[in-house]
Amino acid sequence: MNKKVALITGITGQDGAYLAEYLIKKGYIVHGVKRRSSMFNTERIDHLYQDPHVENRNLILHYGDLTDSLNLTRIIGETQPDEIYNLAAMSHVKVSFDTPEYTANADGLGVLRILEAVRLLRLSQKTRIYQASTSELYGLVQETPQKETTPFYPRSPYAVAKLYGYWITVNYREAYGMHASNGILFNHESPLRGETFVTRKVTRAISRIALGMQKKMYMGNLSAKRDWGHAKDYVRAMYAILQQDEPSDYVIATGVTTTIRDFIRMSFEAIGVGITFRGEGIDETAVLTSIDEQLFAEKAGEDYLEALRKRIGEDVVGVDPNYFRPTEVELLIGDATKARTRLGWEPEYSLSALIEDMLHNDLKLMKKDSYLKKGGYTILNYFE
Ligand code: NAP
Ligand code: F7E
């Protein structure tokens, strides 16, 4: 039997890496689009990489960019995919305020380029398309919890671009009968999360503080609430959406929401460190109040205990208004009933399990000699 062929844009990102591994395990041949960069940018998928001289490869990378329709059309034409997962995007909400035109081009028009390429290549009846839509579409939320029927109110150039991507996907489905679906995914994180998203920034900073490499972390809006899941659970949902007979749009979320403040507190607690928040607004800080020495020794290592003990009473978290956004999304909490009932999808990771996974990996990463010396990115076996 012929193997199924998937094309993943954004394969070098967090979700692309997990999805590629998931599909390869299912027996797919996976093609991925990666951007040209002046440095290697495939760290997250290096463990899956196969030399081009190997026969019958199941992972093949192509240079490309969502802003280049000729290139996308050629890649889709050459690979003739059964499934396309469009995960590529300028995905940072704060950065989208600095690069709004590029974000609109890549995250909005990029979706059109893929849909139109599939149509022009007469693949509309063969190729199924997954569009990476987002809970950021709900923005200034009109209903809580948010579900598929909740009206959108985007609050950033990123979200406005993704709104175009959402509707053009629906339009091509309705206009041309394409199997094109949106996954409206709420925030999902992992040890592979980009270092400037809030969860990863926190687990990295806590690891560094625990090991005596950093004094304090500076954060933005501590009161925003997010519904955080694990990326490993969320790529299962992407796949399940494309296996349905009928295309449709699905909210993927855990149904639990947590403030950034509580995420920080829970993450410190996970390695035995107690903190207390005090003050308000830009004067808010968190002070180190206690250490569960047994837990800390188990998680971070006994060698680091003495130095941290001396820091009890000191601030470890502060606020820097540079991290505030011109317009903020204050609350997100998703209702994934449709995904549960139609896809049979359930998340396996709780928020505590996600935090454990991220901290475990970041502590290991920070302890690596090469990392300490060069300050570089070291890949770990994050699928263990
Ligand atoms: P990510 O880690 O930032 O990965 C984004 C990927 O897109 C990277 O491979 C990046 O390449 C690539 N990319 C960026 N601009 C591109 C362009 N112009 N042309 C081609 N490739 C481009 O994001 P993620 O967390 O995996 O998210 C995957 C998708 O889901 C994104 O579309 C994101 O907007 C969406 N989403 C994410 C979440 C979440 O919580 N993670 C929630 C909802 C929706 P480089 O590696 O070269 O930068
Ligand atoms: O911010 C607040 C910040 O950057 C979460 C992307 O994957 O998920 C992500 O977008 C919250 C916001 O993710 C800092 O203001 C406080 O309220 O981790 P984030 P995001 O903006 O929710 C959605 C679903 C996507 O689709 C996006 O692609 O945390 N926050 N202090 C901070 N955020 C950051 N980054 N850094 C801080 O210091």
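Determine the relative contact order of the chain: mean sequence separation of Cα pairs under 8 Å and six or more apart, normalised by residue count, in whole percent.
It rounds to 16 percent for the chain.
Using amide H atoms built in the peptide plane, which far-off residues or other-chain residues are under 5 Å from Ile11 H to H?
Residues meeting the amide H criterion: Val33.
Report for the chain the percent antiparallel among DSSP-assigned beta bridges with both residues inside it, nearest 5.
Taking every DSSP beta bridge within the chain, about 25 percent pair in antiparallel fashion.
Which value, in debye to the nearest 20, gives the size of the charge dipole of the chain about its Cα centre, when Lys and Arg are +1 and Asp and Glu are -1 at the Cβ?
Numbers: 47 positive and 50 negative charges, 152 e Å.
Approximately 720 debye in magnitude.
Students often get this wrong, so check it: of Lys26/Lys201; Lys162/Lys232; Lys34/Lys126; Lys225/Lys338; Lys26/Lys364, which have C-alpha atoms separated by over 26 Å?
Lys26/Lys201; Lys26/Lys364
I need the phi-derived Karplus couplings for the stretch 159-168: 6.51 cos²θ - 1.76 cosθ + 1.60, θ = phi - 60°, integer Hz, Gly and Pro marked x.
Result, rounded to whole Hz: 5, 5, 5, 5, 5, 4, x, 4, 6, 5.
Skipping prolines and chain starts, which residues have an amide H placed within reach, meaning under 5 Å, of the one on His188, given they are 5 or more residues away or on another chain?
Under 5 Å from the amide H of His188: Gly229.
Using θ = phi - 60° and the Karplus curve 6.51 cos²θ - 1.76 cosθ + 1.60, what whole-Hz ³J(HN,Hα) does each residue of the stretch 284-294 get, with Gly and Pro shown as x?
My calculation for the stretch 284-294 gives 5, 9, 10, 9, 6, 10, 7, 9, 7, 5, 5 Hz in order.
Between His53 and Met1, how high is the FRET efficiency from 1/(1 + (r/R0)^6) when r is the Cβ-Cβ distance and R₀ = 35 Å? Nearest 0.05.
0.85
Rounded to the nearest percent, how much of the accessible area of the chain (1.4 Å probe, protein heavy atoms only) is carbon and sulfur?
50 percent
May I ask you to derive the FRET efficiency for Glu195 and Arg119 from their Cβ-Cβ distance with R0 = 35 Å, giving the value to the nearest 0.05?
Efficiency for this residue pair is about 0.40.
With a 1.4 Å probe and all protein chains kept in place, how much accessible area does Phe296 have, in Å² rounded to the nearest 10?
0 Å²
Just flag the GluC sites (Glu not before Pro) in the stretch 264-308 sitting in loop per DSSP whose Cβ has no more than 14 other Cβ atoms within 10 Å.
Glu280
The values are calculated or read from the model by the stated rules, or taken from the named source; none is laboratory data. As the structure is a computational prediction, the values presented were derived from the model and not from experiment. Neighbour counts run over all protein chains shown; Cβ positions are idealised from the backbone, glycine included. The protein model used for the area step is the full one, side chains on, heavy atoms only, and it has no ligands, DNA or RNA in it. Shrake-Rupley method; radii C 1.70, N 1.55, O 1.52, S 1.80 Å.
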